[in-house]
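In what follows, a structure is listed as structure tokens, so that the remarks can point back to it.
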Amino acid sequence: MFGEIIRKMRTTRNLSQVQLAKELNVSKQTVSNWENDNILPSIEMLVKLSKFFSVSTDYLLELDHRRYMEITGLTDAQLEHVQQIIRDITESPN
């Protein structure tokens, strides 16, 4: 559900509801209502949430489970390093 996704992303970043609310210029109650699935954000706020958490709106709406990472501004060497880390993690026999 939408609320679970928002809560998980918020807590993964070690943000309180108050901190997330401040970042998005909404009330703590609004964040609480999203997380409890009492209300859904407006389309405008959905876009803000997707940008803030660096995920697609489809991810937030559970239409797409892929996650994305912003890499704009990385050098080719830095990008290769990130790609190697991802390969190491995905090839790990865990």
Report the FRET efficiency, 1/(1 + (r/R0)^6), for Ser42 and Arg13, where r is their Cβ-Cβ distance and R0 is 25 Å, rounded to 0.05. 0.70
From the alpha carbon gyration tensor of the chain, can you work out the equivalent ellipsoid semi-axes (sqrt of 5 times each eigenvalue) and give them in Å, largest to smallest? 29, 15, 13
If Lys and Arg each add +1 and Asp and Glu each add -1, what is the summed charge of the other residues whose beta carbon sits under 15 Å from the beta carbon of Asp37? 0
Based on Cβ point charges of +1 for Lys and Arg and -1 for Asp and Glu, what charge dipole magnitude is obtained for the chain about its Cα centre, in debye rounded to the nearest 20? 420 debye
Integer Hz, Karplus 6.51/-1.76/1.60 couplings in order for segment 39-48, x for Gly and Pro: 9, 10, x, 5, 4, 4, 6, 4, 5, 4
Structure-based [θ]222 nm, the chain - -39500 (n - 2.57) summed over DSSP H runs of at least 4, per residue, nearest 500: -18000 deg cm²/dmol
Can you find, among Leu60, Ile85, Ile39, the residue farthest towards the positive end of the dipole of segment 27-94? Put +1 on the C-beta of Lys and Arg, -1 on that of Asp and Glu. Ile39
Pull up the cross-link candidates among the aspartates and glutamates for Lys8, meaning alpha carbon to alpha carbon under 13 Å and not fewer than 8 places away within one chain. Glu35
1.4 Å probe accessible area per residue over the chain, in Å²: 72 Å²
In the chain, carbon and sulfur make up what percent of the accessible area (probe 1.4 Å)? 53 percent
Backbone N under 16 Å from the Gln83 label point (7 Å along Cα→Cβ), restricted to segment 54-70: 69-70
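The values are calculated or read from the model by the stated rules, or taken from the named source; none is laboratory data. Keep in mind that what you see is a predicted model, and the values were worked out from it rather than measured. Glycine gets a Cβ as well: all are built from the backbone with ideal geometry, and neighbour counts include every protein chain shown. These area figures cover heavy atoms from the full protein model, side chains too; ligands, DNA and RNA do not enter into them. Shrake-Rupley method; radii C 1.70, N 1.55, O 1.52, S 1.80 Å.
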